[in-house]
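**Student:** Take a look at the following structure, please.
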Amino acid sequence: MLLMPPKPSPRPTVSTIARDLGISPATVSYALNDKPGVGAATRQRVLEHAREVGWTPHSGAQALRRGRSGNIGLVLVRDPEEVSREPFYASVTAGIESATSAHGYELLIRFVEGGEEHEIDVFRTWAHRRRVDGVVLLDLASDDHRPAVLEALGLDFAVLGHYEGPEDFVRVSTAEPEDAATVVEHVAALGYDGCLQVTGPLAYAHERRRLELLRRLCAEHGLAHSQESARYAIGSGQDAVRRADVTFCSRPAVIASSDLIAVGALRAAAALGLRIPEEMGLVSWDDSLIAEVASPSITALAREPFAMGRSGGDLLVRRIEGTASPGERMQTAPARLVPRASTARP
């Protein structure tokens, strides 16, 4: 009688391997998990066949055995359509997912539009249902309640930003003072005599820090300073520059908190009849393909948001698994300024 080799299953599992080899699923499970009760020859046979059919452990089952969900949570208090146009958040999210998936975790993303309380409701639901093992926090406010809530819920969390608090968390922070100095020194060296700073919403602590840093640095360099706020959107950036008094100095440079705000500033300058870079300069705090292909192209800080997100995701998973120390923090390197056509000597 001619014995045919076992036929590989297109989606191998413990059960299909057992069927292929004519043995019990329990025997296969013992062999794959290196447990006693299986002879050496049988174990070797199971392992060889598992390699042939491309079997891999089920991450969800492994997480359940560890008493975990195998998920990392991220809540964005944003309009999903608006986020889809925002390169910074897309890059950060991709970086987080890259790191968590490398550890066998899934990234669970939720969008809410009702503010912090709706975000906290999501955290409570996740904790009650054991849907996530940890959470990544973005855009912290000066009086943010989320860290205290997450600690009370028993969820590990990573902060992308400069939050200081009593909770047990891990953090990835950026070199904001150095980045602010890079921007101000650049525009001062090119003959601009003032900075029109168009921040994002000042409810965010990082926007308040940037505002304080630029005000102080402009004063130190003898530059005039003015400020407007905008959402991270082109239209909002355009409205902010059109509202501003651009005559507060003779040759201002707009410092935009995002690339989309910067594109809005370009449109506003065109509507006001201001030539860039001759009569008005423009620098974006975030670099992206949008800044590169705009006309004129936009000088920007390359802050590497993908690497930032990846560092945050990796640090959080290591905290969950006990290989990162409580309170461990990572500081990113200062951003590299990418000079383009939107700034130039007079």
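**Student:** For region 176-302, report the translational diffusion coefficient in µm²/s to the nearest whole number, using Stokes-Einstein at 25 °C, 0.890 mPa s, and a Kirkwood Rh over Cα pairs.
**Tutor:** D = 176 µm²/s.
**Student:** Once amide H atoms are built 1.01 Å from N in the peptide plane, which residues 5 or more positions from VAL112, or in another chain, come under 5 Å H to H?
**Tutor:** LEU76, VAL77, ARG78
**Student:** One-quarter of the Cα convex hull surface for region 233-297, in nm²?
**Tutor:** Across all orientations, region 233-297 yields a mean hull projection of 3.8 nm².
**Student:** Pop the C-beta distance of SER98 and LEU274 into the FRET formula with R0 = 30 Å and round what comes out to the nearest 0.05.
**Tutor:** The pair SER98/LEU274 has a calculated efficiency of 0.15.
**Student:** Determine, for each peptide in 307-315, 122-130, 104-112, the mean count of other beta carbons within 10 angstrom over its residues, then list the peptides with the highest first.
**Tutor:** 307-315, 104-112, 122-130
**Student:** Further question: Between GLU328 and ALA203, what is 0.36 nm times their sequence separation minus the Cα-Cα distance? Round to one decimal in nm. Numbers along the way, then the final one.
**Tutor:** On the way: separation 125, 0.36 × 125 = 45.00 nm, distance 2.62 nm.
Stretched fully, the GLU328-ALA203 segment lengthens by 42.4 nm.
**Student:** Additional query: Along the positive direction of the dipole of the chain (beta-carbon charges: Lys, Arg +1; Asp, Glu -1; about the Cα centre), which of HIS145, SER236, VAL112 reaches farthest?
**Tutor:** VAL112
**Student:** Compute the acute angle (0 to 90°) between the alpha-carbon long axis of helix 259-272 and the principal axis of greatest extent of the alpha-carbon atoms of the chain; round to the nearest 10°.
**Tutor:** 30 degrees
**Student:** Now a separate question. Could you give the angle, 0 to 90 degrees to the nearest 10, between helix 87-102's Cα long axis and the longest principal axis of the Cα atoms of the chain?
**Tutor:** Here the helix axis deviates by roughly 20 degrees.
**Student:** Given that compact globular proteins tend to follow 2.2 N^0.38 Å, what is the ratio of the alpha-carbon Rg of region 14-56 to that value?
**Tutor:** In units of the 2.2 N^0.38 Å rule of thumb, it is 0.97.
**Student:** Can you bin every Cα-Cα distance in region 252-346 into 10 Å intervals starting at zero and give me the percent of pairs per bin, rounded to whole numbers?
**Tutor:** Calculated over all Cα pairs of region 252-346, the distribution is 16, 38, 20, 15, 9, 2 percent.
**Student:** Counting only helical runs of four or more DSSP H residues, what would the 222 nm mean residue ellipticity of the chain come to if each run contributes -39,500 (n - 2.57) and the total is spread over all its residues?
**Tutor:** Roughly -13500 deg cm²/dmol at 222 nm, from the helical runs in the chain.
**Student:** I've got another one for you. Please compute the contact order of the chain in relative form: average sequence separation of alpha-carbon pairs under 8 Å and at least six residues apart, divided by the residue count, as a percent.
**Tutor:** Working: 642 pairs, mean separation 60.0, N = 346.
After rounding, I find 17 percent.
**Student:** Please list, ordered by chain and number, the residues whose modelled amide H lies under 5 Å from the amide H of ARG340; skip anything fewer than 5 residues away on the same chain.
**Tutor:** Residues meeting the amide H criterion: THR299, ALA300.
**Student:** Between GLU220 and ARG130, what is the FRET efficiency for a Förster distance of 56 Å, r being their Cβ-Cβ separation, to the nearest 0.05?
**Tutor:** With a Förster radius of 56 Å, E is 0.60.
**Student:** Work out Dmax and Rg for the chain from the C-alpha atoms and quote the Rg first, both in angstrom.
**Tutor:** Answer for the chain, Rg first and Dmax second: 26.2, 95 Å.
**Student:** To the nearest 10 degrees, how steep is helix 40-53 against the longest Cα principal axis of the chain, on a 0 to 90 scale?
**Tutor:** 40 degrees
**Student:** If you don't mind, another one. At 0.36 nm per residue, minus the direct Cα-Cα distance, what do THR13 and SER295 gain on full extension? Give it in nm, one decimal, please.
**Tutor:** So the extension gain works out to 96.1 nm.
**Student:** Averaging sequence separations of C-alpha pairs under 8 Å and six or more residues apart, then dividing by the length of region 176-302, give the relative contact order as a whole percent.
**Tutor:** 24 percent
**Student:** Here is a further query. So for each of 257-265, 216-224, 192-200 I average, over its residues, the number of other beta carbons within 10 Å; can you give me the resulting order with the highest mean first?
**Tutor:** So the peptides 257-265, 216-224, 192-200, ranked by packing, come out 257-265, 192-200, 216-224.
**Student:** Classify region 82-147 as rounded, prolate or oblate, taking a ≥ b ≥ c as the square roots of the eigenvalues of its Cα gyration tensor: rounded when a/c is under 1.5, otherwise prolate if a/b is larger than b/c and oblate if not.
**Tutor:** oblate
Since every read-out is calculated from the coordinates, none of them should be taken as a lab result. What you are looking at is a predicted structure, and each value in this text was computed from that prediction instead of being measured. All Cβ positions, even for glycine, are placed from backbone atoms using ideal geometry, and neighbour counts span all protein chains on display.
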